[in-house]
Structure formats: structure tokens, C-alpha cells
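The values are calculated or read from the model by the stated rules, or taken from the named source; none is laboratory data. All figures in this text were calculated on a predicted structure; none of them were measured in a lab. Glycine gets a Cβ as well: all are built from the backbone with ideal geometry, and neighbour counts include every protein chain shown. What goes into the accessible areas is simple: the full protein's heavy atoms, side chains included, and nothing from ligands, DNA or RNA. Shrake-Rupley method; radii C 1.70, N 1.55, O 1.52, S 1.80 Å.
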Amino acid sequence: MSLPAACDVLIVGGGHNGLTCACYLAAAGLKVRVLERRAVVGGAAVTEEFHPGFRNSTASYTVSLLNPLVIRDLRLVEHGLRIVERPISNFLPLSDTDYLKVGGTLEATQAEVARFSKKDAARLPGYYAMLERVADVLRELALETPPNVGGGVGDFFAALKTARRFKKLDMAARRDVLDLFTKSAGDLLDAWFESAAIKAAFGFDAIVGNFASPYAPGTAYVLLHHVFGEVNGKRGIWGHAVGGMGAITQAMAAEARERGVQIDTRAEVASVCVDSRGAQGVQLKDGRVIEARCVVANVNPKLLYLKLIDAPVLSADFLQRIRSWKCASGTFRMNVALSELPDFTCLPGTVPAQHHQSGIIMAPSLQYMEQAYFDARTYGCSRAPVVEMLIPSTVDDSLAPAGRHVASLFCQHFSPELPNDLSWDDIREEAADHIIDTVSRYAPNFKAAVISRKILSPLDLEREFSLTGGDIFHGALTLDQLWTARPVLGHADYRSPVRRLYLCGAGTHPGGGVSGLPGRNAAREIVRDFRRGLLKDKKT
């Protein structure tokens, strides 16, 4: 069976950013085709059955960063997307007798925090206001194409526009920006609070998908990156997509098809075809060649430039920069089918309650998180891992049989590279057992309640979803890999060094998370190039 003829745009990778990009390009009148290696589109944002009767979000597992413009422009609600807000943001079991709840109303969180420190409770409004001031600026920047350092007049004026935006901030806010972009989350939180519990609740965001100690410089930005989202118009809120994360990407795919986008699954790309005119199409793993006027890669920059492009096409300096691109999120993902809800010693009960519907963080202090990182650097695995558990079936009964539940376990820190020539295939089951034992220390019934489990080690994440190094963000969110330097200084505008080749994935600005913004922003630049006549038919 031969595949159809050439198109305007070929998108490599049918994850959420690829689908978003495809929708915007098709809306501009372009003929677009998406090539997805797996049997289902959605990339890491998919819902799959992992045990008979039990479905869950396989990799990506919670919603906040999905931009409201993307939701509106792609008509995701009309295609059935519904997001249920968490009643509270987080629940931290701290010991057999104590816990912390964060979220709901400010007053409720203050009352919780006051049990540990009245001073911290009083400082909460100021902390939230500080984050919101800086997040407002980032929300605007996230929608824009970063200026290229060394670019032309347009890049100069774009940089000037960005500088003016920061100039409008008062001096206190400018200092907050500097702190959040350069400091460690630990140092930032130590300056604000004295209670270990509230610092742990906020500090967890700094190591989500980030293989680093919370005291590593730059982790304050990762914390900020996770708080400038919203759900149903409410800022700083997290939620569950009814039907799992696949509900988002299936809605995107439905809109793409309505706009005339062709989506091919089981279409693995082996290489991008490049000649003196630039990218001319792709060659599939089975040998077939598909031509197009341009190619858009929704993959990790390291995967694109080191595996899908012939090295002589790129400069030696550029290749060296890409080889140094940091990809390691230290993440171990597991889905479990449960016969009953976890019964926490500090807050007993297996009847669905508010804390079961939140993000359950098992990491009682920043020091605990830091030790988990040190363990992973030394041994490959944390001896006391950081575990966040979500139980989406408490708000979405379509995921499990009546009276049963599914849970997502997002765990840190697990190094992609193990010592002593070990492979993750050798120790993945042992690591999974250790994670379940960790949860069972807080909820003793948990281990016996596990009916089945789906394990995704860092190596599994790379093999299953092409996440290089198991990195859920397509590259670390460190200062040297952000904004004008994402992925490489001089190529932050979604255009690659190869003519007619673009990037639209999380390895571009504004980075990882299910936001859709890299795809949206990239589409805007591609449409501009078509309108400028820079992507004329390759045969002319």
C-alpha cells in the first residue's frame, strides 16, 4: 500500500504539540500530514488500558499548563474535553499522625500551615502574590517567539519589547524575577518560610521532571514553571482530564481531522531527507519516502539532530552544542490498578475523600528530596524516593470498575544511567517494588490493594515515547536551556539550521508540560515563512 503524495507540511511526531501545530497550520490553508510512530496519537499524553477494565493516563497525568488559547482555538471543549479541578492541590502525609493539606481557599491553607508555623501562615499571601507577579510576565512571554541572539532587526525589536516588559515592573518585582530565574528553590523557600512541611509542598514543583536537588541553582524557575497554569479560568489550579490525558489529544486529533489534516499512525520516521535546498521530506523506517515543502519535528532536539539528520549537514559547533543538551528528568512512572483506596495512617479511611482527589506527595521535606537526588547520583535509584500519587478514578469513574481505582505514581529520582553496567531492564521490577513499599509506609494497605501495575522506567519512557534520557520535558529547564537558548542560541525561533526544517516540541520555548504553546508558536512562524514566499514549491 503506497502512501499519498506530497503535502505542504510534514509533522514528525503526533504528540500534543505536533497536533496543535497541525491544527493551526491547517487553519491557515496548508495541507498538513502528521506521522506518528506509535499505534495511537498523543505522544506521552495518552489514555490506555493497562489491565482488563482499568484505564489511565500512561505517562503525562495531570492538567494545568494547557493554555486557554489552545483550548479555545482548537475547540477542545466542543470535542468533549472536560477538566475536573482538584478540590485541594496537594496532600502531604508527614508521619503516622500528621499531614498537610494545601489548596482550596487561601484561608484553608493558612489554617493548615498555622499548625506548623503562624509566621508562615501570615506570609503565604505575600508568597503567592510574588509568584503571581512574575508568572504574569511569563504567561505573556510564553505566547511569543524568543528573539534570536545575533538575529536581524526583527529580533532586535523583539528583544527590546521583552526588556520593556520587565522595565514596567517595580524594583521589588525585578528582584523577584532575578531570584526565580537564578536561585535554587530551596534557598528561595528557606528565605520565605520556616516550616519544613510547607517548604516541601512548594518545593516538590521544583523537582518535577527535574533531575536535581531542590538546592540546585535554577530550580526556583522549575517551581515557577509549574505554577503559571490554570484550569477552567482559575490560575494556579491543577485538574484531571475526564477520560485521562488522552482526552486532550483525541480532541486535538478530532479537530485536526476536521481541518483536513491527515494523521498516519505506525509511521516511524527513520530520517529527514535533506539536500542543498533544505529539508525535502522524510524517509520512513520501512523505506518509503514522503515529500513535503517543509518538515516540522515534534521530537527532542537531541533525537532530531543526532539521529534523524546526517551529521555533515550541521556545523561542528552546533552538533557539539546538541550533544551537550541536557536530557535527564530522573523520572520513574507507574500506573497501578487498586482493589481499594489507600488508607493513610495519618488520615484513615478508604471512602473517597478530599485528600484522595489531590496530588498526594510523599516527601516530607526538602532535605528528603535532596537525599533522594544524591542517592540516584550514587546508586542510580533513590533509597527513599519522592512519590507523587494521583487517583483520578476518585473523580472519573470511567477509568476503573465500580469500587476499584487506578492510581498514577510519578516518582523521582531515578537516574537514566545506572552504575556498574546495570540496565533498567535488570532492576525495573525491584525499583517498582521499592516505590510501592514507600507508599505503603504511609498507607499500610496499599501493597495488598495493588491488583496490577504498568511500569515505565527512564529507559521504558525513552523506548515507548522517544523521550531521550526519559526526559519528559525534551530537555532540562535550566537557565542555559531557556528562552533564547532553547534549544540552541541563535535558533530559538523554531527554525533549525537546516532550511525548511522546524521544531515544535517541548525542546523549544516555552518548554515542557502539556501546554500546546510550542506547537502554537511554531505554527505562527511557519505560516509567516509561507506567506513571505520562503517555502515555495521545492520543484520551482
Selection within segment 163-204 - within 21 Å of L477 (Cβ to Cβ) and not in a helix (DSSP H, G or I)
K183, S184
What about A201, is it closer than 20 Å to M389 by Cα and touching a strand residue (DSSP E or B) at 6+ places or on another chain (Cβ under 8 Å)?
yes
Look through L76, L81, L25 and report the one residue that is buried (at least 23 other Cβ atoms within 10 Å of the Cβ) and part of a loop (DSSP other than H, G, I, E, B).
L76
Name every residue in segment 494-506 that is open to solvent by 20 Å² or more (accessible area, probe 1.4 Å) and either free of Cβ contacts under 8 Å to residues at least 60 places away in the same chain or not basic (K, R) (or both), in order of residue number.
R495, P497
Among the numbered criteria (1) within 25 Å of L65 (Cβ to Cβ); (2) surrounded by fewer than 21 Cβ atoms within 10 Å (Cβ to Cβ), which one does A297 miss?
(2)
Which number in (1) more than 30 Å from P364 (Cβ to Cβ); (2) small (G, A, S); (3) open to solvent by less than 20 Å² (accessible area, probe 1.4 Å); (4) modelled with pLDDT under 95 marks the one condition that S329 misses?
(1)
Hits in segment 507-528 - residues which are surrounded by fewer than 21 Cβ atoms within 10 Å (Cβ to Cβ) and in contact (Cβ under 8 Å) with a residue 60 or more places away in the chain
R524, E525, V527
Restricting to segment 401-430, name every residue that is under 23 Å from the mean Cα position of the chain (by Cα) and among the aliphatic types (A, V, I, L, M).
V406, A407, L409
What are the pairs with Cβ atoms under 7 angstrom where one residue, in segment 51-78, is under 21 Å from R333 (Cα atoms) and the other, located anywhere, is open to solvent by 40 Å² or more (accessible area, probe 1.4 Å) and acidic (D, E)? Sequence gap at least six, or different chains.
R55/E48; R55/E49; T58/E48; S64/E230
Report yes if some residue within segment 110-121 is within 24 Å of G512 (Cα to Cα), among the hydroxyl-bearing types (S, T, Y), in contact with an Asp or Glu (Cβ under 9 Å, 6 or more places away or on another chain) and touching a residue at least 24 places away in the same chain (Cβ under 8 Å); otherwise report no.
no
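Here is a yes/no grid of residues against (1) open to solvent by less than 10 Å² (accessible area, probe 1.4 Å); (2) farther than 24 Å from R463 by Cβ:
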{"residue": "L10", "(1), (2)": "yes, no"}
{"residue": "H16", "(1), (2)": "no, no"}
{"residue": "L30", "(1), (2)": "no, yes"}
{"residue": "V41", "(1), (2)": "yes, no"}
So how many residues does segment 288-325 have that are in a loop (DSSP other than H, G, I, E, B) and without any contact (Cβ under 8 Å) to a residue 12 or more places away in the chain?
1
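Conditions tested, residue by residue: (1) under 19 Å from P416 (Cβ atoms); (2) part of a loop (DSSP other than H, G, I, E, B); (3) open to solvent by less than 20 Å² (accessible area, probe 1.4 Å).
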site: H434; (1), (2), (3): yes, no, no
site: T438; (1), (2), (3): no, no, yes
site: G475; (1), (2), (3): yes, yes, yes
site: T484; (1), (2), (3): no, no, no
site: L489; (1), (2), (3): no, yes, no
